[in-house]
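Some notes on the structure that comes next.
The values are calculated or read from the model by the stated rules, or taken from the named source; none is laboratory data. Computed from a predicted structure; not experimentally measured. Reconstructed Cβ throughout: ideal geometry from the backbone, glycine too, with neighbour counts over all protein chains shown. Note: areas computed on protein heavy atoms with side chains; ligands, DNA, RNA excluded. Shrake-Rupley method; radii C 1.70, N 1.55, O 1.52, S 1.80 Å.
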Amino acid sequence: MISPDWLWWRDGAIYHVYLRSFADGNGDGLGDLPGLISRLDYLNGTPDSLGIDAIWLSPCFPSPDKDFGYDVADFTAIDPRYGTLGDFERLITEAHRRGIRVLLDLVYNHTSDQHPWFLESRLSKQGPRRDWYVWRDGRPGGGPPNNWQSVFGGRAWTWDEATRQYYYHMFLREQPDLNWHNPDVRRALMDATRFWLDRGVDGFRLDVFNAWYEHADYPDNPTKIGLRGFDRQHHIYDIDRPEMHPALAELRALLDSYPERMSVGELFGADPAGAASYCGDHGLHMVFNFEFTNRRWDSDGFGASIENAERHMAADGWPCYVLSNHDLSRHVSRYGGGHPAEVARVAAALLLTQRGTPFLYYGEEIGLPDVALRRSQIIDPPGRRYWPLYKGRDPNRAPMHWDAGPNAGFTTGTPWLPVRPDYAELNAAAQRADPRSVWSFYRDLLRLRRQTSALGRGAFERLSQPSKGGLAYLRTVPGQQALVALNFRATPVRLAFQHPVDPSGWSLGLAAHPGRAARLTPEAVEIGSFQAAVFVRSG
Ligand code: TEU
């Protein structure tokens, strides 16, 4: 039974569409809005859809693409390569018709250096938009104003000869930081947000929101040991400034003036306690919890991550777990631990049986791994800079595998990134026809989750004793319990409980492998290799 107070962003599952790689409607090799619209039935609205409740679109605004859309040149338009504003409005209508909400990605820490605001700002020291960005004189003896580093390598300051000052950019030099201390900037960004709310957008993912503000005096950050320049500093003056809180409260009030709108923040480097401070009725609805993405394929670590998140979650906060995204190696490649299809099912069960809102990254529902690329094929700036230490983000942004046709059904042209060579076997069409596939397991899990409020909302209690191989936990709401058992290894495992469990009334809701063991006793659960089982009971 679906709960009568079901709410899309709290109880649903959200699917991350990396637009440029999802579906190409016009054959130019780049995914676009018409392509996405043509694939909406795949996501929801028909009996054999995957069954997700919302999509998050990576930035689809006009952009010179120095950082693949994260350098925005106009916050209130659609990049013509993705379609028109008319296409976007059609997307909203068609998505809503299928029960799919739409989230946009707001990149408000910086703009493109081609944004008209920056072009005007850099013209003269006296211009009205000068203060919309962060301009500073060099140090008295010469050199940049302070020691701050760019995430993508090198100094975070670039000298502009025309007006003989430095401007600040936490990312590429083509991504100058907006000056959030200026109330006109804040107003302009709230207006841009309202522009999309008025067009029916249901929510927003906020790019590196906790870096919007810098300390107004721009002091040096203290240094520490680390690999890249950026990691060799404590980011106490360029991240997590207290001014964030009133800005988020203003944004929240704007969202709350529309029905059922939501926000999810991409938190940069904060711990669970820091994360909790940004969420709640006067802040964001939730922030991504990246704990699973930092873990090795070791069940104890995942258990600790969940307990940690639950411990620090504020009373009015809401968890939000994720395994993969457009910045990270896809989890079946990152974790290793076994055949990708085996790891994919266990990871899916882990993700979709937690309290909170799960985000899926396109392709994970078929167990898609990274694409292998040579140095010459890398186009992502941090990958080009740090190769081979860090290969960048292209491998995890390769086109979706739709079917066995040319270019995996992604495009009739030349795909902007190479398609994996194994798409003839590994694709959505084949997996949808196979009830034992990773795709079918995702669909079944999503269905079970929707019907079982204990899974989405229930309190978490770890049941199994410490073990690297497996994890069992209980999820409880009044009147219903779920017991989840996961085996991370290729050999069967017996997970002994920390205390006995009443054996009556349980039924097996779902198992990743119907042919492998999933046996519940009062003292333990026995599960086969890479098995993932969900037991449910009512009363
Ligand atoms: O990401 C924040 C960020 O800096 C990291 O996730 C980074 O991409 C990673 O460490 C690789 O070096 C957000 C976006 O998700 C990312 O795609 C953008 O490039 C970045 O902000 C700048 O807008």
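Listed values, structure above:
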{"item": "Subset of the range 228-243 that is charged (D, E, K, R) and under 21 Å from Gly392 (Cα atoms) - its residue that is most open to solvent (accessible area, probe 1.4 Å)", "result": "Arg232"}
{"item": "Filtered residue count, the range 102-133, keeping only those that are open to solvent by less than 20 Å² (accessible area, probe 1.4 Å) and either on the phi > 0 side of the Ramachandran plot or within 16 Å of the ligand (Cβ to nearest atom) (or both)", "result": "13"}
{"item": "Of all residues in the range 410-453 being in contact with a helix residue (DSSP H, G or I) (Cβ under 9 Å, 6 or more places away or on another chain) and among the β-branched types (Val, Ile, Thr), the one that is farthest from Gly479 (Cα to Cα)", "result": "Thr414"}
{"item": "Verdict on Arg537 being of a type in the set (D, E, K, R) and assigned to a strand (DSSP E or B)", "result": "yes"}
{"item": "Candidates Arg205, Arg187, Arg194, Arg241 - the one that is of a type in the set (D, E, K, R), free of Cβ contacts under 8 Å to residues at least 60 places away in the same chain and not in a loop (DSSP other than H, G, I, E, B)", "result": "Arg187"}
{"item": "Inter-residue pairs, beta-carbon under 7 Å, first free of Cβ contacts under 8 Å to residues at least 12 places away in the same chain and in the range 212-225, second surrounded by fewer than 16 Cβ atoms within 10 Å (Cβ to Cβ) and not in a loop (DSSP other than H, G, I, E, B), 6+ apart", "result": "Lys224/Arg232; Ile225/Arg232"}
{"item": "Count - residues of the range 160-179 that are within 15 Å of the ligand (Cβ to nearest atom) and in a loop (DSSP other than H, G, I, E, B)", "result": "8"}
{"item": "Any hit, the range 488-502, residues being open to solvent by 40 Å² or more (accessible area, probe 1.4 Å), at pLDDT 95 or above and at positive phi", "result": "no"}
{"item": "Filter result (open to solvent by 30 Å² or more (accessible area, probe 1.4 Å) and over 20 Å from the mean Cα position of the chain (by Cα)) within the range 272-316", "result": "Asp281, His282, Asp298, Asp300, Ala304, Glu307, Arg311, His312, Ala314, Ala315, Asp316"}
{"item": "Flag for Gly86 being assigned to a loop (DSSP other than H, G, I, E, B) and over 24 Å from Phe209 (Cα atoms)", "result": "no"}
{"item": "Arg20 vs. criteria of a type in the set (Lys, Arg) and buried (at least 20 other Cβ atoms within 10 Å of the Cβ)", "result": "yes"}
